[in-house]
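Visitor: After the structure tokens below, expect a handful of questions from me.
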Amino acid sequence: MPTGLYARSLIIIIAPVVILQSVVTVVFMERHWQLVTKRLSESVVQDIAAITAMVEERPVGADNSDIVRIAREHLGLNVSILAPEPLPAPAPKPFFNILDGILSEEVTRQIGRPFWIDTVGNSKIVEIRIQLADHVLRVFAPRNSAYASNTHIFLVWMVGTSLVLMIIAILFLRNQIRPIQALAAAAEGFGRGQPMPSDFRPRGASEVRRASLAFIQMRDRIERQMEQRTAMLTGVSHDLRTILTRFRLQLALLGEGEDQDELSQDVDEMQRMLEGYLAFAKDEAGEDVGECDLAQMLGKFHNDAKLQGRQISVDIVGDPRIAVRPDSFARMITNLVANAMRHGTRVRIRASHEGRWLTVTVEDDGPGIAPDQREEVFKPFVRLDTARNIDSGGTGLGLAIARDIARSHGGDILLSESKLGGLRALVRIPA
């Protein structure tokens, strides 16, 4: 079965019509066409049987011109009485011709003499030869007198009207499916952070209109919620940064000393943690979708790897140009690569852009993550490193931010075991 609603709806319309046409055709062929042809063939063969009896009752050598005249004027048959000769060889039987079978059956039943029939040669004439004792009777009968030749008109009208009705139904169905397709495209685009099409509006059937209106209202509520959260975070960020700036000024006035250095480190840690929390709660969906060069983005990690003493390899398959939210996507990949460099010495990045899907894998040779903990690390503030030094273990937001960005693009991130021995992060998004 096809997966699309339009294709399935076409099957729902076309299948019953085809089944009905098939049943009607079979019933018509069995009950009407064959019956009418049988009755016409019976009538023609009865006339031929009467002529055969008249010829056989005449003495040998008698004049049979009156029989030929009566057959032509009153029966519509062109009759010739030939000298005794062998009948022609049987002609090839047509694949589908009910006349040949019914006419042969009637000649055998009513006349009971050796015969030869040609229903294929001339399309308007049927030739019948009957072997008599002293003669060969040759009869040319009009084809329409023994066969329901105009019956196909019914089938033509039936098929023609069915095609017209199906075309009308298909056109109507396309107009009904189009609003559903527009709603699905708008919902998918909104999930990927794309702006809603300007021509999108509720239309179609009442149920589709209700669904479209509910989607528009839901989108408006989400956008208002995002705007409120952005405003709140802006205020919180401003207030906290102001306090941290005061701390730095007061520490600068205290002068140098061991206590002052420790307090400065604490302020730096607070600043870094604040930036991490705000980045996690930041409205990434507000960024517009644009074209990004994947090769240029991944190439920047070579310098980072040299500075940290790591080995990194980058492999790109397919078109390096992708349609994503550039800043969000770069942040997601940076988080994954930074996590790999933090725990491993060898990092391998492979990107594949084929069709409408982009797949990026980041592998390392670090200790990896146990299978039962691979979903836990995506939760905010979860750190597998239990060291007291926060800097060594991070804030526990890198993977959470990465998965949120991937899902906002309409994809996801999956973790598994790497062939290098460590962790393998698989990103799959439509691009």
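Visitor: Can you give the extra length, in nm with one decimal, that the chain gains between R58 and Q271 once fully stretched, where that is 0.36 nm per residue apart less the Cα-Cα distance?
Guide: This chain segment gains 63.8 nm when fully extended.
Visitor: On to the next question. With every protein chain kept in the model, how would you rank I128, I180, I12 by accessible area, 1.4 Å probe, largest at the top?
Guide: I12, I180, I128
Visitor: Using the beta-carbon distance between R174 and T234 and R0 = 35 Å, what value does 1/(1 + (r/R0)^6) give for FRET efficiency, to the nearest 0.05?
Guide: Given R0 = 35 Å and the Cβ-Cβ separation, E is 0.15.
Visitor: Taking 41 Å as R0, compute the FRET efficiency from the Cβ-Cβ separation of L20 and R210 and round it to 0.05.
Guide: 0.75
Visitor: Something else about it: Kindly express, to the nearest 10 degrees and within the range 0 to 90, the angle between helix 98-110's C-alpha long axis and the longest C-alpha principal axis of the chain.
Guide: With rounding to tens, the tilt is 30 degrees.
Visitor: In the Gaussian network model of the chain, springs joining C-alpha atoms below 10 Å, which of S408, S264, S352 carries the largest mean-square fluctuation?
Guide: The residue that fluctuates most here is S264.
Visitor: Would you mind counting up the charge near C292? Only other residues with Cβ under 9 Å from its Cβ, with Lys and Arg at +1 and Asp and Glu at -1.
Guide: Surrounding charge for C292 is 0.
Visitor: A further question on this structure: Which of L240, L397, L132 moves the most in a Gaussian network model of the chain with Cα springs under 10 Å?
Guide: L132
Visitor: Report the label-to-label distance for D118 and D412 in nanometres (one decimal), using points 7 Å from each Cα along the Cα→Cβ vector.
Guide: Modelled inter-label distance: 7.6 nm.
Visitor: At 0.36 nm per residue, minus the direct Cα-Cα distance, what do D319 and I243 gain on full extension? Give it in nm, one decimal, please.
Guide: Difference between extended and current length: 22.6 nm.
Visitor: Residue farthest toward the positive end of the dipole of the chain, with Cβ of Lys/Arg at +1 and Asp/Glu at -1: which of P16, N78, W116?
Guide: Going by the charge dipole, the pick is N78.
Visitor: Given a Förster radius of 30 Å and the C-beta distance between Q110 and W157 as r, what FRET efficiency does 1/(1 + (r/R0)^6) yield to the nearest 0.05?
Guide: In this case the efficiency is close to 0.30.
Visitor: In terms of solvent-accessible area of protein heavy atoms at a 1.4 angstrom probe, what is the ranking of K38, K306, K300, highest value first?
Guide: Listed by decreasing accessible area, they come as K306, K300, K38.
Visitor: Roughly what angle does helix 5-28 make with the longest principal axis of the chain, taking Cα atoms, 0 to 90 degrees, to the nearest 10?
Guide: 10
Visitor: Also: Calculate, for the chain, the solvent-accessible area per residue in square angstrom, rolling a 1.4 angstrom probe over the heavy atoms of the protein chains.
Guide: Heavy-atom accessible area per residue stands at 59 Å².
Visitor: Label N78 and L307 with points 7 Å out from Cα along Cα→Cβ: what is the distance between them in nm?
Guide: For the pair N78/L307, the computed spacing is 10.4 nm.
Visitor: Next question, about the same structure. Taking only DSSP H segments of four or more residues, each worth -39500 (n - 2.57), what value at 222 nm results for the chain once the sum is divided by all its residues, to the nearest 500 deg cm²/dmol?
Guide: The per-residue figure over the chain is -18500 deg cm²/dmol.
Visitor: Okay, next question. Leaving ligands, DNA and RNA out of it, work out the accessible area of E42 with a 1.4 Å probe and give it in Å² to the nearest 10.
Guide: 40
Visitor: First compute the accessible area of the chain with a 1.4 Å probe, then give the percent of it belonging to carbon and sulfur atoms.
Guide: 57
Visitor: I've got another one for you. Tell me, in nm to one decimal, what length is gained between E375 and Q296 on full extension, where the rule is 0.36 nm per residue of separation less the Cα-Cα distance?
Guide: So the extension gain works out to 25.4 nm.
The values are calculated or read from the model by the stated rules, or taken from the named source; none is laboratory data. Just so it is clear, the model here is predicted, and its values are computed rather than measured. Heads up, the Cβs are rebuilt from the backbone with ideal geometry, glycines too, and the neighbour counts pull from every protein chain shown. When the accessible area is computed, the model is the full protein with side chains, heavy atoms only, and any ligands, DNA or RNA have been set aside. Shrake-Rupley method; radii C 1.70, N 1.55, O 1.52, S 1.80 Å.
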